[in-house]
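First the structure, in the form of C-alpha cells, and then the observations on it.
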Amino acid sequence: MKILVSGKGGCGKSTISAMLGKYLAGRGYRVLIIDADESNPGLYRMLGLPKVKTLAEHLGGKKRAKILMAVEGEGELDEELFDWTLDEVPEEILARKGNLAVLTIGKIEEAEEGCACPYGFLARKLLEGIKLKENEVIIVDTEAGIEHFGRGVDKHVDVVVDVAEPSLESIELSRKIASLSESLGLKHILVLNKALPGVEEKLPVKPNVIIPFDQSFIIDSLNGREVEPIEQIETLWESISR
C-alpha cells in the first residue's frame, strides 16, 4: 500500500507520518517513508535517524533531475528509471531503523536555486516505478498545500491521509483535498489534529480520526526528541486498511 499524507502547512503531516511509520514497523510491516517535502528538515529527527544522501544527490543533483524531467517531456525518458523493489533501493539514500527506512527526495538548500519542480518529478516517478510486496507500505510526507496533486504525485498512491487543524483555512483546504482525491479515485481519510474540547461539533465536516491537542509534542520537539505512536494512530490505520 502507498499512503500519501497531505494538508496545510504546520498541521502535523510529518509527525503523523513518523508515528504511522513507527506503528506499522512495530506491527511487522516493512515501511519506507518518503520525505517529499522540499522544506521541512525535521522528519529524520522525529524518527531518531541520521540524515543521508537524497535521491536527487544520488542521481547527480538538481540539475540532473531537471534534465531527466526535460527528457520525459520529450518522450525519451527510460520508463524503468525507478523500477525498484524495496530491496533494490540504493542503500546510500536510506536511513534505517529495523524494518523502517526513510528516503528523502531533495531539499531546497540555496537562495535562488529555482523551483522545486524537479523534486516533484522525482517523487512522482519513484512512486510510479517502485513495486511493493505483501506487508510492505510506503508513506509519503508531502509539502504543504496541494501542489503535489498538480504534479501528479498522488496518481500513484492508494490512500490520501488528509491532516487538518481546527481552522477555517485548513478545513477549506481539506475539502479541496477530498475533491481532488475523489477525482483520482483515491480513498480519503480526514484526520483532525490539535483538536481542543468543543471543536468537533463546530466542524462542517466529520473527521475519520481526531487527535487532541497535546502540548507535550511541542516540548518534545523543542528538546529534539523523536516521536512515538499514540493510540489514535491505531484508529488511523484501521480507517486506512478498512
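The values are calculated or read from the model by the stated rules, or taken from the named source; none is laboratory data. Quick caveat, the model's predicted, so the values are computed rather than measured. In this analysis, Cβ positions are derived from the backbone assuming ideal geometry, glycine residues included, and neighbour counts consider all displayed protein chains. The area values use the complete protein model at the heavy-atom level, side chains included, leaving out ligands, DNA and RNA. Shrake-Rupley method; radii C 1.70, N 1.55, O 1.52, S 1.80 Å.
Candidates in the range 15-73 are the residues that are hydroxyl-bearing (Ser, Thr, Tyr) and assigned to a loop (DSSP other than H, G, I, E, B); of these, the one that is most open to solvent (accessible area, probe 1.4 Å) is Ser39. Here is the figure for the range 185-212: residues that are modelled with pLDDT of 95 or more and either in contact with a Leu (Cβ under 6 Å, 6 or more places away or on another chain) or among the β-branched types (Val, Ile, Thr) (or both) total 7. Taking the criterion of being in contact (Cβ under 8 Å) with a residue 60 or more places away in the chain and either outside any loop (DSSP other than H, G, I, E, B) or open to solvent by 30 Å² or more (accessible area, probe 1.4 Å) (or both), the residues of the range 150-164 that qualify are Val153, Asp154, His156, Asp158, Val159, Val160, Val161, Asp162, Val163, Ala164. Give the residue, chosen from Leu43, Leu103, that is modelled with pLDDT of 95 or more and touching a strand residue (DSSP E or B) at 6+ places or on another chain (Cβ under 9 Å). Exactly one residue qualifies, and that residue is Leu103. I'd like to verify a number: residues in the range 125-153 that are touching a strand residue (DSSP E or B) at 6+ places or on another chain (Cβ under 6 Å) and among the charged types (D, E, K, R), how many? Of the residues in the range 125-153, 3 are touching a strand residue (DSSP E or B) at 6+ places or on another chain (Cβ under 6 Å) and among the charged types (D, E, K, R). Residues that are at pLDDT 95 or above and touching a strand residue (DSSP E or B) at 6+ places or on another chain (Cβ under 9 Å) were ranked within the range 214-237; the one that is surrounded by the fewest Cβ atoms within 10 Å (Cβ to Cβ) is Thr235. The condition (being surrounded by 19 or more Cβ atoms within 10 Å (Cβ to Cβ) and more than 25 Å from Tyr23 (Cβ to Cβ)) is satisfied by just one residue among Pro204, Pro118, Pro197: Pro118.
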